[in-house]
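Down below is the structure, laid out as structure tokens.
We did not get these values from a lab; they are worked out from the coordinates using the rules stated. The model shown is predicted, which means the values in this text are computed figures rather than measured ones. Please note: Cβ atoms are built from the backbone with ideal geometry, for glycine as well, and neighbour counts cover all protein chains shown.
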Amino acid sequence: MNFLHAEIYQGTSGFLPGGFSVEAGRFTRIFPESASPADGIDLAGARVIPGLVDLHLHGCLNSDTSDGDPEALIRMAAALADRGITSFLPTTMTLPYDRLRKVLSSVQEVLRRDPPGTSRILGLHMEGPYLSPSRCGSQNPAWLRDPDTEGFLSLQASSGDLIRIVTIAPELPGSMEFIRRVKGSAVVSLAHTDADYDTAVSAFGSGASHVTHLFNAMRPLLHREPGVIGAAADRSDVTVELISDGFHIHPSVVRSAFRLFPHRICLISDSLRCLGMPDGTYELGGQEIRLRHGEARLPDGTIAGSVTDLYDGMRNAIAYGIPAADAVEAATATPARRIGMAQEIGSIAPGLSADFVICDKNWNRLAVYLRGIQVNG
């Protein structure tokens with residue numbers, strides 16, 4: 001099938017006027033306007049971008065990864081596909097090991113069933129329980145624990161290596177050994193941490209390579225105490241997550257982050273089960289959260305996650321002044337590369353899965369395709 005007369009995203013070089021071909025669920029050819037075939041679907045100048053990849057997403061539509069329910073995961077995956085997020089890492093909160101095993105089992109079940117028309121699950125992001133009590137944010141402090149290498153590796157082995165990212169606080173006892181032994185099994189990310197610069201440098205030197213929700217749940221970047229943020233900025237091999245919901249991070253800081261971490265930002269949603277739901281009271285990792293006017297908080301006022309999906313977060317970044325090509329990269333190619341999936345998803349190129357979003361000049365979604373099959377629009 002040919003798709004004609006569009007603006008095709010081609011990385012940070014921008015958009016190519018032309019079209020592309022899809023066969024058996026994969027891109028087979030990208031061509032300029034001058035080489036367009038005679039027959040195909042006329043996109044009438046619309047933009048085409050890769051399907052978005054969310055590395056950090058707890059839930060939506062009153063469903064949560066931590067429920068450990070395959071049906072909840074399927075509901076989430078269907079809703080994400082409809083919104084243009086075609087791949088994701090369901091993300092846990094801090095939980096006891098028995099609950100984590102249940103979650104991993106639910107992910108395995110969904111992968112076995114492979115329900116059509118749903119966003120593909122790439123594995124799991126395990127956010128906790130190896131986090132700092134002083135920076136736990138909306139994580140449940142009752143279930144926090146120090147990094148446990150053997151416990152983690154047991155979870156990973158029983159799941160068939162489903163855990164793609166594990167977030168830890170590197171100042172906790174046992175962290176450096178954990179990083180050295182786990183880095184070959186999963187991406188080790190830093191957050192929910194009170195680590196100083198030197199501790200973060202040691203963690204990155206030991207093999208940590210990612211930062212979870214940059215700026216949130218960590219020391220701020222100060223001129224004499226740069227903390228995790230400064231240590232990450234020093235390392236060209238470290239990627240960082242950024243929530244662009246207009247609430248967690250000021251637009252000026254979003255612009256600064258893109259300058260500080262060029263081509264190393266993974267836009268994420270960090271969305272909760274209350275994404276797509278009305279104001280009210282919900283549950284998050286065994287704790288109550290309250291959604292009011294687009295803000296989710298614990299009863300004591302602590303900020304929880306987001307109620308903005310990744311597609312709208314990307315649009316926000318563009319509205320804040322981030323060049324469109326950079327914002328799209330941060331929502332597609334960079335997260336795919338972070339978890340070793342760049343040869344399968346995250347770009348529009350021959351051989352890759354034909355996951356793509358057709359949108360107008362104002363970034364309104366017109367249609368979403370998964371493996372070459374339209375799922376909405």
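In deg cm²/dmol and to the nearest 500, what is the mean residue ellipticity at 222 nm of the chain if only DSSP H runs of at least 4 residues count, each as -39500 (n - 2.57), divided by the residue total? Don't skip to the end; give the middle numbers.
Details: 10 runs with 100 residues, N = 377.
One gets -8000 deg cm²/dmol as the mean residue ellipticity at 222 nm.
Please compute P(r) over all alpha-carbon pairs of the range 295-377, binned at 5 Å starting from zero, and give each bin as a whole-number percent.
It works out to 3, 13, 17, 21, 19, 13, 7, 5, 2, 0, 0, in whole percents.
What residues qualify as long-range amide H neighbours of T28, i.e. H under 5 Å apart, gap of 5 or more or another chain, H built at 1.01 Å from N?
Close amide H contacts, sequence-distant or interchain: S21, V22, E23, G351.
So what are the ³J(HN,Hα) numbers for the range 140-149, from phi and the Karplus equation (6.51, -1.76, 1.60; θ = phi - 60°), rounded to whole Hz, Gly and Pro as x?
After applying 6.51 cos²θ - 1.76 cosθ + 1.60, I find 6, x, 5, 10, 5, 7, 5, x, 10, 4 Hz.
Rg and Dmax of the range 98-227, using alpha carbons, in Å: what are they?
Calculated on Cα positions, Rg and Dmax stand at 15.4, 52 Å.
Where does each of 244-256, 149-161, 186-198 land if you order them by average Cβ count within 10 Å, highest first?
Numbers: 244-256: 17.8, 149-161: 15.2, 186-198: 23.0.
Result, highest mean first: 186-198, 244-256, 149-161.
What is the gain in length, in nm to one decimal, between E33 and D114 on full extension, counting 0.36 nm per residue of separation less the C-alpha to C-alpha distance? Intermediate values should be presented prior to the final figure.
Numbers: separation 81, 0.36 × 81 = 29.16 nm, distance 3.62 nm.
So the extension gain works out to 25.5 nm.
Along the Cα-to-Cβ line of R290, 7 Å from the Cα, sits a label point; which residues in the range 244-280 have backbone N less than 20 Å from it?
Counting only backbone N, you get 247-248, 272-280.
Of the options G230, P115, Q287, report the single residue whose Cα projects farthest towards the positive end of the charge dipole of the range 52-345 (beta-carbon charges: Lys, Arg +1; Asp, Glu -1).
So the residue we want is G230.
Using alpha carbons only, how many degrees (0 to 90, rounded to 10) separate the axis of helix 310-319 from the longest principal axis of the chain?
80 degrees
Full-extension gain between L298 and Q374, please, as 0.36 nm times their residue separation minus the C-alpha to C-alpha distance. Let's see the in-between values first.
Working: separation 76, 0.36 × 76 = 27.36 nm, distance 3.86 nm.
Contour length minus Cα-Cα distance gives 23.5 nm.
When N is the residue count of the chain, what does its C-alpha Rg come to as a fraction of 2.2 N^0.38 Å? Each step should come with its number before you reach the end.
Working: Rg = 20.0 Å, N = 377, 2.2 N^0.38 = 21.0 Å.
Working it through for the chain, the quotient is 0.95.
For the range 281-290, in order, what is each residue's ³J(HN,Hα) by Karplus, 6.51 cos²θ - 1.76 cosθ + 1.60 with θ = phi - 60°, in whole Hz (x at glycine and Pro)?
Ordered by residue, 3J(HN,Hα) equals 10, 9, 10, 8, x, x, 10, 7, 10, 10 Hz.
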